[in-house]
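Presented below is the structure to which this report refers.
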Amino acid sequence: MELTWNGKALVVTLLFRLLFGGYVVGMDQYNFNDLESALTVVVIYALIAIFATLFLFGKRIGLIGVIGLEGILIILNSVFLILTLGQITDAGMHDPLDNWWATFLRYGFSILTLVFSIRAYKET
């Protein structure tokens with residue numbers, strides 16, 4: 001299978017995203033001592049890796065999975081951000097204002113992944 005430019009951009013974005021996910025897992029586990037959050041992040045990034053692998057093997061379901069997962073993650077991150085900024089919930093160590101760079105990277109990677117996966121889906 002020959003990847004198009006959008007497919008290559010998607011794979012590179014997903015690789016950097018997986019590196020960022022490893023960093024987030026490490027921060028959750030060792031800096032925040034939050035095992036539940038670390039395991040949740042591992043599950044999310046394992047799903048991303050599985051869908052990316054399916055895409056690389058030429059399975060269209062991989063792109064559909066990435067698109068669906070990214071849509072869900074953007075919605076959930078937005079709800080969490082609104083609830084935290086509205087002081088409806090206490091985010092504790094995961095406060096988006098304290099970790100503004102991680103919030104920015106999370107949204108940036110999600111948007112890039114969503115854009116490239118939709119463009120790659122339209123090409124195939």
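The values are calculated or read from the model by the stated rules, or taken from the named source; none is laboratory data. Just so you know, these numbers come straight off a predicted model, no measurement behind them. In this analysis, Cβ positions are derived from the backbone assuming ideal geometry, glycine residues included, and neighbour counts consider all displayed protein chains. Just the protein is used for accessible areas: all its heavy atoms, side chains included, with ligands, DNA and RNA removed. Shrake-Rupley method; radii C 1.70, N 1.55, O 1.52, S 1.80 Å.
Just to verify a number: FRET efficiency for Glu36 and Leu15, C-beta to C-beta distance, R0 = 30 Å, to 0.05? Walk me through the numbers before you get to the answer.
Working: r = 26 Å, r/R0 = 0.88.
That gives a FRET efficiency of 0.70.
What distance in nm separates the simple spin-label points at Asp98 and Ile61, each placed 7 Å from Cα in the Cβ direction?
4.1
Carbon and sulfur: what percent of the chain's accessible surface (1.4 Å probe)?
Details: 5430 of 7630 Å².
Here carbon and sulfur together make up 71 percent of the probe-accessible area.
Using 0.36 nm times the number of residues separating Leu105 and Gln29, minus their current alpha carbon distance, what extension gain do you get?
Working: separation 76, 0.36 × 76 = 27.36 nm, distance 1.92 nm.
Using 0.36 nm per residue and subtracting the Cα-Cα distance, I get 25.4 nm.
For the chain, what does the helix formula give at 222 nm: sum of -39500 (n - 2.57) over DSSP H segments with n ≥ 4, over the residue count, nearest 500 deg cm²/dmol? Present the calculation step by step, with values, prior to reporting the outcome.
Numbers: 4 runs with 94 residues, N = 124.
Per the formula, -26500 deg cm²/dmol.
In sequence order, what are the phi-derived ³J(HN,Hα) couplings for the range 104-110 according to the Karplus relation 6.51 cos²θ - 1.76 cosθ + 1.60 with θ = phi - 60°, rounded to whole Hz, with x for glycine and proline?
Each residue of the range 104-110 in turn: 4, 5, 4, 5, x, 5, 5 Hz.
Can you work out the accessible area per residue across the range 67-124, with the rest of the protein chains kept in place, probe 1.4 Å, in square angstrom? Before the final figure, lay out the partial values.
On the way: 3700 Å² over 58 residues.
Roughly 64 Å² per residue, with all protein chains present.
Specify the angular offset, from 0 to 90 degrees and rounded to the nearest 10, of the alpha carbon long axis of helix 5-26 from the longest principal axis of the alpha carbons in the chain.
With both axes taken from Cα atoms, the answer is about 30 degrees.
For an R0 of 22 angstrom, estimate the FRET efficiency from the Cβ-Cβ distance between Arg119 and Ile75 and round to the nearest 0.05. Let's see the in-between values first.
Working: r = 21 Å, r/R0 = 0.94.
Step by step, r from the Cβ atoms, then E = 0.60.
Kindly express, to the nearest 10 degrees and within the range 0 to 90, the angle between helix 35-56's C-alpha long axis and the longest C-alpha principal axis of the chain.
So the inclination is approximately 10 degrees.
Among Met93, Ala9, Ile72, which residue has its Cα positioned farthest towards the positive end of the charge dipole of the chain, with +1 placed on the Cβ of Lys and Arg, -1 on the Cβ of Asp and Glu, and the dipole taken about the Cα centre?
Ala9
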